[in-house]
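The values are calculated or read from the model by the stated rules, or taken from the named source; none is laboratory data. In this text the structure is predicted, and so the values were computed from the model without any measurement. For neighbour counting, all protein chains shown are included, and Cβ atoms are generated from backbone atoms with ideal geometry for every residue, glycine included. Note: areas computed on protein heavy atoms with side chains; ligands, DNA, RNA excluded. Shrake-Rupley method; radii C 1.70, N 1.55, O 1.52, S 1.80 Å.
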There are 2 protein chains.
Amino acid sequence: MESTCTIAVVGFGGMGGHHVEHLEEIDAFEVAGIYDIRPSQEDLAREKGLHVYTTFEDVLADKKVDIVLIATPNHLHKEIAVKSMRAGKHVICEKPATMNSEEMEEIIDVEKETGQLFVVNQNRRWDEDYLVVKKLHDERAIGDVFHVECRVHGSRGIPGDWRQKKQFGGGMLLDWGVHLVDRVLLMFDEKVEDVYCTFSHVRNDEVDDGFKLTLTFASGKTAFLEVGTYNYINLPLWYVNGTRGSAVIHDWSMKGEVVHLETDEQKDAKPISAGAGLTKTMAPRYDDGTVRHQQLPRIDSNIEDFYLNVKDTIDGKADILVKNEEVLRVMRLLETAIESDATRQVVGFEKDVKVRE
Amino acid sequence: MESTCTIAVVGFGGMGGHHVEHLEEIDAFEVAGIYDIRPSQEDLAREKGLHVYTTFEDVLADKKVDIVLIATPNHLHKEIAVKSMRAGKHVICEKPATMNSEEMEEIIDVEKETGQLFVVNQNRRWDEDYLVVKKLHDERAIGDVFHVECRVHGSRGIPGDWRQKKQFGGGMLLDWGVHLVDRVLLMFDEKVEDVYCTFSHVRNDEVDDGFKLTLTFASGKTAFLEVGTYNYINLPLWYVNGTRGSAVIHDWSMKGEVVHLETDEQKDAKPISAGAGLTKTMAPRYDDGTVRHQQLPRIDSNIEDFYLNVKDTIDGKADILVKNEEVLRVMRLLETAIESDATRQVVGFEKDVKVRE
């Protein structure tokens, strides 16, 4: 019989509840209970038949708990993680792992010191939209991808809780930016040389309620990552340019298309009337030389694989998929983005410092 | 009876022919003939029943010619303009007016010296798509517009002639950038503080075959202007964000929509399942609080007004619409964009130099 892994969830808000739902579906896991400082959330947990720990110390003292899953506001992650590892628990932590790279370095030190596992829930590595873009990239389906754009647009502002406050690690760069950067760094497996970022403060002066982030990689490839919370019309979730085609994914329903350039021979463009002028350059192709696929490739992705990889790693049967050095690199890049916005400059990142002879 | 204005067209390529077609439709103008160094274009002109000048000097010597219209490659504009004005002719010049701001300053000097008119065909100020965006902006139909994006995407590369060469003033920044910048500077009537530009060289190392240009205005408003010639799928022509709504124009056929925020009261968002995760922030609005207009406002625009304004200005009945100081400002901004791409930095523009006390 397979062993099971027992988890206590600290912070029973939206994400805490979401984790419990997933974990209850996986045989290899058992939820020991939850801890939350809010009586309303304690009541909710009891209604769902979950054990409620009275204090965080009770969680740590519970010998059957193998893993503490942290789903609190961001400013609490580090302290809870460190205490949990020192108490002999493994840790699954919501993203962003920490408030800054210094805190993440401290966690990595404690992980080494205690021999426990600390892993961040970069769940959006399992998003089908991202995996389809990565597949197009990896399989060179549109030639060499040299530019990718990912936009996440909403119009409701930042949800009205701690995510609006700086002291709790609020703002969209830490909330969504941490996913978008994480994924593009995995896809373009090379150094980032330049970072240019501008924050929006449409209705929130304290934290960014959106951002636009341009990364320039060592090979010259570029990524544009954007989050907006006052966009009443959404631009496509993904837009990708390769040397032999383009791809678009409109939204999470996976509507989109791929256009592949089959031959470099093209009919001579006839100038078209466009607005008040003529244009030959922007004359459409009428599909000469290109093939249009209005169905995207499909990828089966299951977020359960994240949890199972954690267990397999603890059991010594696998390597961890979400690596802490990757998380630390993303955190450093986000700090560079913050510097770019503050200074209104392009800021170097991972640039080889070479002395010219 | 109204007087007519007689025009000679120098450079009878695509744009030269386009001008002749327009001018022949307007009673107030008469086409005296064309001049082109290419025998093929001379033959074409004769087939169309146009007079063909044998030398440029013949054009200048023709006393009935009031206006020389320049539609040659860009590197020739300045010399032809200066000679024409010195010969007592007014000048209509294709865009970009000149190769750089220095040449434009020289033209402005000669204009003052000779008392002739020099005017640039910034014809895309008459594009209906731009005029609709400007109307939304001016009438505050989506609140205060704080960000505008304009993209012109094609997939045929740069047409295979002088536009691919640096020495002739090729590249997309000079070709299309000069329009996109011109218009956004008219719409946001304020100083530009920062310029960030990256060129693409997908298949052309000599000139930019595309660019991405971010302008930050003194009030914090931003504009993103993009041209691409290897985009096999087009993103919308215009995307506009205001404090109370968004607008999109998909293409020159004027398909698009406007979403206006009617009330700040909104139903509490319910988290939605998106990819491998949940999101409350990006939950759609289900139109609570917003009104969606799937028909854009229409604007009647006629490029004939450009030519008529030139004549009225010559006749002392109007002020010129396309002002040379506007053209010079755009040219300086394009030079700043070139500097930004070359240095991979944000470059200041029109910043007030203030000494902090």
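Neighbours of A:GLY115 by Cβ distance under 14 Å: Lys/Arg scored +1, Asp/Glu scored -1, total -1. Springs between alpha-carbon atoms under 10 Å, Gaussian network over chain B: tell me which of B:GLU25, B:GLU128, B:GLU265 tops the mean-square fluctuations. It is B:GLU265. Relative to the dominant Cα principal axis of chain A, helix A:178-187 is inclined by about 60°.
Show that you can apply the helix-only estimate: for the protein assembly as shown, add -39,500 (n - 2.57) for every DSSP H stretch of four or more residues, divide by all residues, and state [θ] at 222 nm to the nearest 500. Value at 222 nm, helices only: -9000 deg cm²/dmol. Site pair B:ALA318 and A:ARG86 shows an inter-label distance of 7.9 nm when each label is modelled 7 Å from Cα along Cα→Cβ. Here's how it looks for A:LYS255: its modeled amide H is under 5 Å from those of A:HIS250, which are all 5 or more places away or on a different chain. The ratio of the alpha-carbon radius of gyration of segment A:77-126 to the globular-protein estimate 2.2 N^0.38 Å is 1.06. The string of couplings for segment A:136-153 from the Karplus curve (6.51, -1.76, 1.60, θ = phi - 60°) is 4, 5, 5, 8, 6, 5, 10, x, 7, 5, 10, 8, 9, 10, 10, 10, 10, 10 Hz, one whole number per residue in order, with x for Gly and Pro.
Just the number, please: percent antiparallel of the DSSP beta bridges in chain A, rounded to the nearest 5. Display every interim value, and only then the final one.
On the way: 39 of 65 bridges.
So the antiparallel bridges amount to about 60 percent of the total.
Counting only alpha carbon atoms, the long axis of helix A:14-25 and the longest principal axis of chain A meet at about 80°. For the pair B and A, the buried accessible area comes to roughly 5900 Å² in total, with a 1.4 Å probe and the value rounded to the nearest 100.
Mean separation of Cα pairs under 8 Å and 6+ residues apart, divided by the residue count of chain B: what relative contact order is that in percent? Spell out each step's value before the answer.
On the way: 676 pairs, mean separation 56.8, N = 357.
Relative contact order comes out at 16 percent.
What a 1.4 Å probe finds exposed on segment A:5-121 is 47% carbon and sulfur by accessible area, rounded to a whole percent.
Result for chain B in a Gaussian network model with C-alpha springs under 10 Å: among B:GLU42, B:GLU94, B:GLU24, the largest mean-square fluctuation is at B:GLU24. Between copies, the label points at A:GLU339 (set 7 angstrom from Cα along Cα-to-Cβ) are spaced 2.4 nm, reported in nanometres from shortest to longest. How high is the FRET efficiency from B:GLU24 to B:SER3, r the C-beta distance, R0 22 Å, rounded to 0.05? Efficiency, rounded to the nearest 0.05: 0.80.
How many angstrom lie between the C-alpha centres of segment B:1-40 and segment B:122-171? Each part's Cα centre sits 26 Å from the other's. Distances between copies at B:LYS255, taken between label points 7 Å from Cα along the C-beta direction, are 1.1 nm in increasing order. Using alpha carbon centroids, what distance separates segment A:259-282 and segment A:72-86, in Å? Distance between centres, Cα-based: 57 Å.
In order along segment A:102-110, phi translates into HN-Hα couplings of 4, 4, 5, 4, 4, 4, 5, 4, 5 Hz, rounded to whole numbers, per the Karplus curve 6.51 cos²θ - 1.76 cosθ + 1.60 with θ = phi - 60° and x for Gly and Pro.
Considering Cα pairs under 8 angstrom that are at least six residues apart, work out the relative contact order of segment A:5-121 and quote it in whole percent.
Working: 204 pairs, mean separation 27.9, N = 117.
Reported relative contact order: 24 percent.
Of the candidates B:GLY275, B:GLY210, B:GLY16, which one comes out as most mobile in a Gaussian network treatment of chain B with C-alpha springs shorter than 10 Å? Fluctuation is largest for B:GLY275. Taking θ as phi - 60° and the Karplus parameters 6.51, -1.76 and 1.60, the scalar couplings of segment B:221-227 work out to 4, 10, 10, 10, 10, 9, 10 Hz in sequence order, x denoting glycine and proline.
Work through the residues other than B:THR336 whose Cβ is under 12 Å from its Cβ and net out their charges, Lys, Arg +1 and Asp, Glu -1. Could you put the intermediate results ahead of the total?
On the way: positive: B:ARG329, B:ARG332, B:LYS351; negative: B:GLU193, B:ASP194, B:GLU335, B:GLU339, B:ASP341, B:GLU350.
Charge balance near B:THR336 sits at -3.
Each copy carries a label point for A:THR4 at 7 Å from Cα toward Cβ; from one copy, the others' points are 9.5 nm away, ordered from shortest.
What FRET efficiency would be calculated for the residue pair B:ASP268, A:LYS165, taking the C-beta separation as r and a Förster radius of 22 Å, to the nearest 0.05? Walk me through the intermediate numbers first.
Numbers: r = 19 Å, r/R0 = 0.86.
According to the calculation, E is roughly 0.70.
When the pairs B:LYS64/B:LYS323; A:LYS221/B:LYS134; A:LYS165/B:LYS134 are compared against a 32 Å limit on Cα-Cα distance, A:LYS221/B:LYS134; A:LYS165/B:LYS134 fall above it.
Looking only at Cα atoms, what is the convex hull volume of chain B per residue, in Å³?
On the way: hull volume 69.7 nm³, N = 357.
It comes to 195 Å³ per residue, whole-number rounded.
Pairs from the list A:LYS83/A:LYS191; B:LYS166/B:LYS212; A:LYS191/A:LYS212 with a Cα-Cα gap above 26 Å: A:LYS83/A:LYS191.
If only the Cβ of Lys and Arg carry +1 and only the Cβ of Asp and Glu carry -1, the dipole of segment A:5-121 around its Cα centre is close to 140 debye.
When Rg is the radius of gyration of the Cα atoms in segment A:5-121 and Rh is its Kirkwood radius, what does Rg/Rh come to?
Working: Rg = 13.3 Å, Rh = 14.0 Å.
Ratio value, two decimals: 0.95.
Beta bridges assigned by DSSP with both partners in the protein assembly as shown are antiparallel in approximately 60 percent of cases. Note on segment B:81-227: antiparallel DSSP beta bridges, both residues inside, total approximately 60 percent of the bridges counted. Heavy-atom accessible surface of chain A, averaged per residue, reaches 43 Å², computed with a 1.4 Å probe. For the protein assembly as shown, the Kirkwood hydrodynamic radius comes to 28.3 Å, computed from all pairs of different C-alpha atoms.
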